[in-house]
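Structure, as structure tokens:
The values are calculated or read from the model by the stated rules, or taken from the named source; none is laboratory data. This is a predicted model, so every value here is computed, not measured. No Cβ is skipped: glycine too gets one built from the backbone with ideal geometry, and neighbour counts run over all protein chains shown. Each accessible area value is taken on the protein alone, full model and side chains, heavy atoms only, with ligands, DNA and RNA left out. Shrake-Rupley method; radii C 1.70, N 1.55, O 1.52, S 1.80 Å.
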2 protein chains.
Amino acid sequence: MPLLQEEYLQNISYDSVIFGFSGEKLKILVLEYHNMKTFALPGGFVKVNEPLDEAVKRGLSERTGLDEIYLEQFHTFGSMDRFSPAVMRKMLLEQGYDYEDHWFFGRFITVGYYALINYENVVPKPDELSDSIKWYDYDQLPKLMMDHAEIVEKALDHLRSNLDHKLLSFNLLPERFTMKELQQVYEAILGETQNRANFQRKMLSLNILERHEKLFLGGSHKAPFLYSFKK
Amino acid sequence: MPLLQEEYLQNISYDSVIFGFSGEKLKILVLEYHNMKTFALPGGFVKVNEPLDEAVKRGLSERTGLDEIYLEQFHTFGSMDRFSPAVMRKMLLEQGYDYEDHWFFGRFITVGYYALINYENVVPKPDELSDSIKWYDYDQLPKLMMDHAEIVEKALDHLRSNLDHKLLSFNLLPERFTMKELQQVYEAILGETQNRANFQRKMLSLNILERHEKLFLGGSHKAPFLYSFKK
DNA sequence: TACTATTGTTTCACAAAGAAACAATAATTC
DNA sequence: GAATTATTGTTTCTTTGTGAAACAATAGTA
């Protein structure tokens, strides 16, 4: 068993809600445990000599291959219904490890983080306990284990209420994007349509966008500008 | 030693930033450890069978005698500089406990909560490790141990940015208060003056206040209404 | 060259916010 | 008991921001 008690802090874990965006839909990375039809958020543990933030970055980087990702902590979950030793034991059994008792079966208080990443840049990798990790549309998530659905809800709440302040750190879009694409991201996250003219006015007035050459091979109509976030 | 390892989750603690308000000043509860000139936020640990939120409520109630307090989690701190076994050992030594090693000396990830309470209702009680617990003006805090100053900063940030949504849950004022007192609370928290007329208009338009009889033994001028929050 | 779809901008109506003036009144002073 | 004073509650005016619609520009298509 690779997870040795001595290496990790006990009773602490983290779970991450990784948002991506494709076309018009907000997506979330969800993994499935071996043969169990059990779906969960990607999470992990904190090493004894490792800052919490670093642990989360490490886990995310292992799963997505991405570094330098915008990560934000949003809430810590510590209720008693996050405690189901039987499920955890079954999970290890499927992996071929049969433990009567294991620190893994204990109670964990979990720190929730979310990340915003560019969907197209990522080929997610499952870890040793899970056999798949896939993008799911936010509105078509499978039933998640324990309180993970609540964790997703709270992550999105937090993201919605802080959207404007977080623009600069966005990784949901490619380096350069059109105003329409930016608006679609907003609409996907907020779950409601925005007025086009006012959206443009607001974004421009925030003074965080740089306008570039037009470059559009699209349809038979006026070509949009491309924008990037100011550094 | 009363803190038995078996009873508590390991590597996890909480710290609470307890805001009070008196006159014009925002205040915070700070405790001092025995003979150590070490100041810290009141905190504690989570029992094995206790939800995190309950643990914090329990600790707060033990220290202030208050129940039914508005408590909000705002951030979890997990950096490596929250790890100073020597200081913790010295603290226990002062108490008469000499341990070579103790789970107390370990590394803790701490969950930060803040509370808003009515300054006048509280006579704070020190716990067994501390010899005093007192109110300090926010702008005259003593030097706090480890990262506790950062915890206070972050609590206030969080409070400021969510002030309007939180009015109903306020406990900073007595049951009935004048509009001026309410404004003073806002100004103390936000750290800036508010326009009187607009403040009144805004508060009334929120439709969360109940206006009561005038009752004022104050100065030689028009008497203010008293208000309370609608239930 | 006219047409079409989409983008960028402007205009107009309306709501919200900030500052100042006005009105009301409880205690004090003469 | 009338004038005074300090403070409170409200109104008015101006400025700013927001939402909806109209207008203008233009890359490709017919």
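Considered as a group, the residues in the range B:67-86 that are without any contact (Cβ under 8 Å) to a residue 60 or more places away in the chain, surrounded by 15 or more Cβ atoms within 10 Å (Cβ to Cβ) and not hydroxyl-bearing (Ser, Thr, Tyr) include one that is farthest from B:MET146 (Cα to Cα), and that residue is B:LEU71. Within the range B:188-210, if we keep just the residues that are away from DNA strand D (no atom under 12 Å from the Cβ) and at pLDDT 85 or above, the residue that is farthest from the other protein chains (Cβ to nearest Cβ) turns out to be B:GLU210. Restricting to the range B:188-213, name every residue that is among the aliphatic types (A, V, I, L, M) and without any contact (Cβ under 8 Å) to a residue 12 or more places away in the chain. Across the range B:188-213, the qualifying residues are B:ALA197, B:LEU204. Filtering B:LYS166, B:LYS231 for residues that are modelled with pLDDT under 80 and either assigned to a loop (DSSP other than H, G, I, E, B) or polar (S, T, N, Q) (or both) leaves a single hit, B:LYS231.
If you check B:GLU213 against the conditions, is it open to solvent by 60 Å² or more (accessible area, probe 1.4 Å), away from DNA strand D (no atom under 13 Å from the Cβ) and away from every other protein chain (no Cβ under 14 Å)? Against the criterion (open to solvent by 60 Å² or more (accessible area, probe 1.4 Å), away from DNA strand D (no atom under 13 Å from the Cβ) and away from every other protein chain (no Cβ under 14 Å)), B:GLU213 does not qualify.
The rows are residues; the columns are (1) in the same structural domain as A:VAL87 (by TED's automatic domain parsing); (2) modelled with pLDDT under 90; (3) touching a Leu at 6+ places or on another chain (Cβ under 7 Å).
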{"position": "A:ILE109", "(1), (2), (3)": "yes, no, yes"}
{"position": "A:ASN121", "(1), (2), (3)": "yes, yes, yes"}
{"position": "A:LYS125", "(1), (2), (3)": "yes, yes, no"}
{"position": "A:SER132", "(1), (2), (3)": "yes, yes, yes"}
{"position": "A:TRP135", "(1), (2), (3)": "yes, no, yes"}
{"position": "A:PRO142", "(1), (2), (3)": "yes, no, no"}
{"position": "A:ASP147", "(1), (2), (3)": "yes, no, no"}
{"position": "A:GLU153", "(1), (2), (3)": "yes, no, no"}
{"position": "A:LEU156", "(1), (2), (3)": "yes, no, no"}
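Close contacts from the range A:146-166, counting a first residue that is surrounded by 17 or more Cβ atoms within 10 Å (Cβ to Cβ) and a second that is assigned to a helix (DSSP H, G or I), with Cβ to Cβ under 6 Å and a gap of 6+ residues or different chains, come to none at all. Quick check on the range A:20-31. Is at least one of its residues in a loop (DSSP other than H, G, I, E, B), out of contact with any strand residue (DSSP E or B) (no Cβ under 9 Å at 6 or more places or on another chain) and closer than 27 Å to A:GLU187 by Cβ? Scanning the range A:20-31 turns up at least one residue that is in a loop (DSSP other than H, G, I, E, B), out of contact with any strand residue (DSSP E or B) (no Cβ under 9 Å at 6 or more places or on another chain) and closer than 27 Å to A:GLU187 by Cβ. For the range A:208-225, filtering for residues that are closer than 19 Å to A:GLU24 by Cα and more than 9 Å from DNA strand C (Cβ to nearest atom) leaves 0. All conditions but one from (1) under 28 Å from the mean Cα position of the chain (by Cα); (2) over 13 Å from B:ASP164 (Cβ atoms); (3) within 10 Å of DNA strand D (Cβ to nearest atom) apply to B:SER228; the one that does not is (3).
Scanning the range B:191-207 for residues that are more than 12 Å from DNA strand C (Cβ to nearest atom) and surrounded by 13 or more Cβ atoms within 10 Å (Cβ to Cβ) turns up nothing. Within the option set A:LYS37, A:LYS90, A:LYS47, being open to solvent by 70 Å² or more (accessible area, probe 1.4 Å), more than 14 Å from chain B (Cβ to nearest Cβ) and in contact (Cβ under 8 Å) with a residue 24 or more places away in the chain holds for one residue only, A:LYS90.
Listed here are the strands (runs of 3 or more DSSP E) enclosed by the range A:59-148 that have at least 3 residues being under 19 Å from A:LEU173 (Cβ atoms): A:109-116. Residue under question is A:GLN183, and the condition is that it be assigned to a helix (DSSP H, G or I) and of a type outside the set (Gly, Ala, Ser); does it hold? So A:GLN183 fits the description; yes.
Report yes if some residue within the range B:7-17 is of a type in the set (A, V, I, L, M, F, W, C) and assigned to a helix (DSSP H, G or I); otherwise report no. No, the conditions are met nowhere in the range B:7-17.
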